[in-house]
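Have a look at the structure that comes next, please.
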There are 2 protein chains.
Amino acid sequence: MAIVIIRQDNKTQEWKNALLAVDSSIEVYAYEEDYDSNDIDMALIWKHPEGSLTQFPNLKCIASNGAGVDFIFEDKTAPIHLPITRIVDSYLAADMSEHVLALILAYLKNIEHYKVDQFKKIWKPIQYKRIADFNIGILGLGTLGQALANDLVKFGFKVQGWSNSRKKIDNVESFEGQAELSKFLSTTEVLVCLLPLTDETYGILNKKLFKQLPKGAYVINVARGGHLVDNDLIEMLDNEHLSGASLDVYHKEPLVKHHPFWEHSKVHMTPHYASVSDTKFVVPQILENYRRLQKNEPLLNLVSKSKGY
Amino acid sequence: MAIVIIRQDNKTQEWKNALLAVDSSIEVYAYEEDYDSNDIDMALIWKHPEGSLTQFPNLKCIASNGAGVDFIFEDKTAPIHLPITRIVDSYLAADMSEHVLALILAYLKNIEHYKVDQFKKIWKPIQYKRIADFNIGILGLGTLGQALANDLVKFGFKVQGWSNSRKKIDNVESFEGQAELSKFLSTTEVLVCLLPLTDETYGILNKKLFKQLPKGAYVINVARGGHLVDNDLIEMLDNEHLSGASLDVYHKEPLVKHHPFWEHSKVHMTPHYASVSDTKFVVPQILENYRRLQKNEPLLNLVSKSKGY
């Protein structure tokens with residue numbers, strides 16, 4: 001019985017140490033180390049190499065090391081008949097919420113414009129916008145979306161949200177399903193995408209959707225690069241239907257140097273760092289599920305395979 | 001009995017029209033128009049030309065057209081024995097508060113750094129900071145400072161404030177006078193200056209003060225350029241005692257092109273536009289005081305000449 005950590009960044013050893021620091025009795029290996037594949041019953045993974053999950057005959061659980069699991073379903077060789085778990089980290093939600101709030105305020109107060117003006121030594125006041133005047137629409141009211149909705153209400157924004165099923169959140173108007181998407185979009189002045197990436201949501205941020213937003217709307221994508229049709233965004237910025245966009249996620253990361261987003265004056269980029277799992281908060285969740293796995297108890301934060309999140 | 005509007009931007013006519021739109025019965029002149037100087041009993045001014053207040057023998061009141069009055073005391077020819085009033089605009093306070101919040105969040109989430117990185121096509125995640133981990137210290141707990149303190153508490157920040165006399169604000173530690181300034185500074189991680197500009201506060205943001213902040217502190221000046229000793233700030237940024245600064249105000253505005261702030265990587269500039277008086281909210285205050293002046297009733301928002309604000 002052992003955990004294998006599989007990821008392609010340089011953080012395998014860090015996570016191994018973090019797990020062992022809390023429970024030194026467990027057996028845990030970095031993917032690249034020597035071990036008996038038969039011993040592995042849990043794979044703790046983040047953007048693993050495709051095919052790497054096929055070599056553990058006794059695997060009992062695939063544990064995503066983050067909130068997202070889309071990368072697991074993208075690997076067609078992954079044994080997704082096994083239980084899949086993900087991280088639900090309250091800090092992840094709080095961090096995401098703070099990042100989005102920073103992006104919205106930067107938009108209202110023209111912070112990025114002024115930074116560019118400073119670069120060019122231009123002194124040019126631009127009329128600011130006020131929190132009270134803006135209707136924020138959140139696409140996706142899962143853990144992250146709900147936390148953001150609550151925070152934005154607290155900060156004085158008008159907030160509405162859209163999701164597959166209607167949600168009950170104080171002071172947040174909730175829209176449900178395809179039938180209510182247009183109505184939701186028609187009154188959304190700042191659109192924040194926090195949807196999970198599934199077959200249904202891939203490419204949802206496209207021309208057809210953008211056209212249903214009021215003229216001058218602002219778009220924030222902090223979910224996944226796959227949600228956005230890049231060329232559609234650029235077209236709608238260039239024809240001035242949209243006034244700008246803040247992006248934290250991209251189809252390929254790091255974003256390739258020749259991508260037009262880098263030089264687009266209305267696109268504000270952050271390098272996929274809105275919210276990062278902190279070992280301190282995540283390790284106990286992983287260990288708890290590993291303990292449950294050994295005792296055949298129900299696992300926490302199981303992913304629904306039909307929904308894909 | 002008439003009002004004269006004196007200011008050096010191109011907004012005299014706009015303010016004249018705004019006053020007349022609400023009360024067409026009053027007599028109001030732009031400074032550059034023809035009128036009998038003897039008729040003027042109120043001067044509505046904003047950064048007037050020095051000496052321009054001496055030509056009204058029957059002047060009864062100097063009304064600042066904004067929250068600040070420092071420019072009146074700087075004009076040594078101004079008849080400051082007369083009652084001086086200023087604008088107290090709740091929007092001014094709310095706008096200032098939102099602007100400062102945007103600057104603080106931009107700092108915590110590295111928004112300006114990422115904008116510069118985008119310019120240079122650099123993909124480099126930087127560890128963000130969290131609202132809960134930061135102690136914001138507000139220099140000056142007047143109308144603007146108190147509004148900001150309340151908002152920051154609501155947003156989850158730890159907040160402390162310093163002013164001449166102790167203030168009672170829920171969840172805000174209040175420090176008083178010179179004796180408690182060092183203690184206040186020693187635990188302030190983000191310093192926001194919202195002091196009035198007086199002889200006592202001129203140059204208060206200097207090397208001696210900065211050195212009392214913890215290493216890595218961040219400085220925000222949204223009050224007046226005169227509060228800051230520019231070279232001291234640059235020295236403390238370059239020796240890495242301070243991690244950065246956001247400035248909205250400068251000694252000379254617009255800031256001259258050769259000033260080192262423009263090109264300093266740790267200075268983030270906005271062009272004195274944190275908070276702008278809106279005629280809609282300000283006009284009724286001016287007219288109310290003008291009415292009181294005619295009836296010899298006590299004026300609203302009188303400035304204390306001993307305090308200078």
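Taking segment B:1-43, which residues are surrounded by 13 or more Cβ atoms within 10 Å (Cβ to Cβ), small (Gly, Ala, Ser) and under 20 Å from residue B:296 (Cβ atoms)?
If the condition is that a residue be surrounded by 13 or more Cβ atoms within 10 Å (Cβ to Cβ), small (Gly, Ala, Ser) and under 20 Å from residue B:296 (Cβ atoms), then B:2, B:43 are the ones that fit.
Residues in segment B:51-103 that are within 14 Å of chain A (Cβ to nearest Cβ) and assigned to a loop (DSSP other than H, G, I, E, B): how many?
Residues meeting the conditions: 1.
Among the numbered conditions (1) touching a residue at least 40 places away in the same chain (Cβ under 8 Å); (2) outside the structural domain of residue B:12 (by TED's automatic domain parsing); (3) touching a helix residue (DSSP H, G or I) at 6+ places or on another chain (Cβ under 7 Å); (4) surrounded by fewer than 23 Cβ atoms within 10 Å (Cβ to Cβ), tell me where residue B:148 comes up short.
(4)
Can you tell me how many residues within segment A:256-287 are basic (Lys, Arg) and either exposed (fewer than 13 other Cβ atoms within 10 Å of the Cβ) or closer than 23 Å to residue A:19 by Cβ (or both)? Steps first, please.
Taking segment A:256-287 first, the residues basic (Lys, Arg) are A:257, A:266, A:280.
When the remaining residues are screened for being either exposed (fewer than 13 other Cβ atoms within 10 Å of the Cβ) or closer than 23 Å to residue A:19 by Cβ (or both), the result is A:257, A:280.
Number of matching residues: 2.
Can I ask one more? Taking the criterion of being in contact with a Lys or Arg (Cβ under 6 Å, 6 or more places away or on another chain) and not assigned by TED's automatic domain parsing to the domain that holds residue B:196, would at least one residue in segment B:91-113 satisfy it?
no
Quick grid of which residues meet (1) touching a residue at least 40 places away in the same chain (Cβ under 8 Å); (2) more than 24 Å from the chain's Cα centre (by Cα):
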position: A:27; (1), (2): no, yes
position: A:33; (1), (2): no, yes
position: A:37; (1), (2): no, yes
position: A:49; (1), (2): yes, no
position: A:52; (1), (2): yes, no
position: A:57; (1), (2): no, yes
position: A:62; (1), (2): no, no
position: A:67; (1), (2): yes, no
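Sticking with this structure for a sec: Go through the residues of segment A:166-175 one by one and say whether even a single one is more than 27 Å from residue A:266 (Cβ to Cβ) and in contact with a Lys or Arg (Cβ under 6 Å, 6 or more places away or on another chain).
There is at least one residue in segment A:166-175 that is more than 27 Å from residue A:266 (Cβ to Cβ) and in contact with a Lys or Arg (Cβ under 6 Å, 6 or more places away or on another chain).
Just to verify a result, which residue in segment B:148-164, among those that are modelled with pLDDT of 95 or more and assigned to a helix (DSSP H, G or I), is nearest to the other protein chains (Cβ to nearest Cβ)?
B:151
Filter segment A:121-131 for residues that are more than 31 Å from the chain's Cα centre (by Cα) and modelled with pLDDT of 95 or more and give the result.
Those that are more than 31 Å from the chain's Cα centre (by Cα) and modelled with pLDDT of 95 or more: A:121, A:122, A:123.
Could you list, in sequence order, all residues of segment A:125-144 that are among the β-branched types (Val, Ile, Thr) and either within 14 Å of chain B (Cβ to nearest Cβ) or in a loop (DSSP other than H, G, I, E, B) (or both)? Walk me through how you get there before you give the answer.
In the first step, residues of segment A:125-144 are kept if they are among the β-branched types (Val, Ile, Thr); the result is A:126, A:131, A:136, A:138, A:143.
Result: A:126, A:131.
Select from segment B:111-142 the residues that are β-branched (Val, Ile, Thr) and crowded, with 19+ Cβ neighbours inside 10 Å and list them in ascending order.
Those that are β-branched (Val, Ile, Thr) and crowded, with 19+ Cβ neighbours inside 10 Å: B:111, B:131, B:136, B:138.
Would you mind telling me which numbered condition in (1) under 26 Å from residue B:43 (Cβ atoms); (2) within 19 Å of the chain's Cα centre (by Cα); (3) of a type in the set (D, E, K, R) residue B:280 fails?
(2)
State whether the residues of segment B:285-307 include one that is under 20 Å from the mean Cα position of the chain (by Cα), without any contact (Cβ under 8 Å) to a residue 24 or more places away in the chain, within 14 Å of another protein chain (Cβ to nearest Cβ) and under 25 Å from residue B:196 (Cα atoms).
So far as segment B:285-307 goes, no, none of its residues is under 20 Å from the mean Cα position of the chain (by Cα), without any contact (Cβ under 8 Å) to a residue 24 or more places away in the chain, within 14 Å of another protein chain (Cβ to nearest Cβ) and under 25 Å from residue B:196 (Cα atoms).
Limited to segment A:261-285, what total is found for residues that are at pLDDT 95 or above and among the aliphatic types (A, V, I, L, M)?
2
The values are calculated or read from the model by the stated rules, or taken from the named source; none is laboratory data. Quick caveat, the model's predicted, so the values are computed rather than measured. Ideal geometry is used to build each Cβ from the backbone, glycine not excepted, and the neighbour counts take in all protein chains shown.
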